[in-house]
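> Sharing a structure here in structure tokens format.
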């Protein structure tokens with residue numbers, strides 16, 4: 001019984017590995033339109049990786065829930081959870097950024113042959129995630145709030161990019177997502193948020209009183225309305241709202 005939560009954790013890891021497989025298949029495709037102009041794109045299989053990262057997030061939530069349900073929390077489970085999170089929400093999202101960055105450079109003259117050195121910065125993300133997870137495991141204070149952005153939140157934000165790219169109807173959004181400056185900036189921002197000590201709320205309730213949990217309830221309402229109106233675009237909007245609400249209501253977060 002005590003190993004049931006660990007099975008959920010390993011399922012998280014498995015989904016992260018499957019996501020990586022989808023990301024690495026056929027990194028860039030070249031299309032030719034009716035006028036003979038070459039168009040570069042990333043394969044639709046990348047959005048499948050987003051779905052598996054999403055599944056990893058669901059079972060990541062469930063492993064903690066199951067552990068509390070069966071009273072089976074353990075130090076091994078804690079370490080195993082961090083190792084799985086590093087793959088599913090650190091390595092896999094970094095590879096998504098890697099593919100978008102390749103696409104950005106591929107649209108430039110001679111960009112298909114871009115040096116690896118210009119692509120390596122995206123791997124700052126899993127490095128920051130590893131540091132964040134190691135610090136979390138040593139810190140006994142982060143029960144009802146986090147110091148720095150949780151690794152799954154950063155991973156889910158990146159995982160939303162392929163879904164936004166393939167399902168949005170705006171060329172402006174598509175161009176923005178294939179901007180190398182956006183990829184570099186997002187990598188730096190998320191990495192900094194993870195290693196920072198900013199007090200960010202955990203979605204755990206000491207009680208269910210509105211006055212004690214107002215930012216949590218507000219975030220849930222914003223998430224619901226956001227997904228109804230913005231679809232996949234709601235993911236980065238909600239995560240931005242999560243950070244801002246945590247800082248605005250710092251006294252209720254900690």
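> For residue 139, which of the numbered conditions (1) under 30 Å from residue 244 (Cβ atoms); (2) touching a residue at least 24 places away in the same chain (Cβ under 8 Å); (3) touching a strand residue (DSSP E or B) at 6+ places or on another chain (Cβ under 7 Å) fails to hold?
The single condition residue 139 does not satisfy is (2).
The rows are residues; the columns are (1) modelled with pLDDT under 90; (2) closer than 13 Å to residue 250 by Cα; (3) in the same structural domain as residue 154 (by TED's automatic domain parsing).
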position: 182; (1), (2), (3): no, no, yes
position: 185; (1), (2), (3): no, no, yes
position: 188; (1), (2), (3): no, no, yes
position: 191; (1), (2), (3): no, no, yes
position: 207; (1), (2), (3): yes, no, no
position: 210; (1), (2), (3): yes, no, no
position: 214; (1), (2), (3): yes, yes, no
position: 219; (1), (2), (3): no, no, no
position: 222; (1), (2), (3): no, no, no
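> On to the next question. Just give me the residues in segment 114-123 being under 16 Å from the mean Cα position of the chain (by Cα) and surrounded by fewer than 19 Cβ atoms within 10 Å (Cβ to Cβ), in sequence order.
Residue satisfying the conditions is 123 alone.
> Can you tell me how many residues within segment 41-53 are crowded, with 19+ Cβ neighbours inside 10 Å and modelled with pLDDT of 75 or more?
The number of residues fulfilling the criteria is 6.
> For the list (1) touching a strand residue (DSSP E or B) at 6+ places or on another chain (Cβ under 6 Å); (2) surrounded by 17 or more Cβ atoms within 10 Å (Cβ to Cβ), I need the number of the one condition that residue 190 fails.
It is condition (1) that residue 190 fails.
> Being surrounded by fewer than 17 Cβ atoms within 10 Å (Cβ to Cβ) and assigned to a helix (DSSP H, G or I) is the filter here; which residues of segment 124-142 pass it?
127, 131, 134, 135, 137, 138
> Does residue 146 satisfy the condition of being touching a strand residue (DSSP E or B) at 6+ places or on another chain (Cβ under 6 Å), under 20 Å from residue 201 (Cα atoms), buried (at least 17 other Cβ atoms within 10 Å of the Cβ) and not assigned by TED's automatic domain parsing to the domain that holds residue 247?
Taking the combined requirement at face value, the residue satisfies it.
The values are calculated or read from the model by the stated rules, or taken from the named source; none is laboratory data. Predicted, not measured: the structure shown is a model, and the values here were computed from it. In this analysis, Cβ positions are derived from the backbone assuming ideal geometry, glycine residues included, and neighbour counts consider all displayed protein chains.
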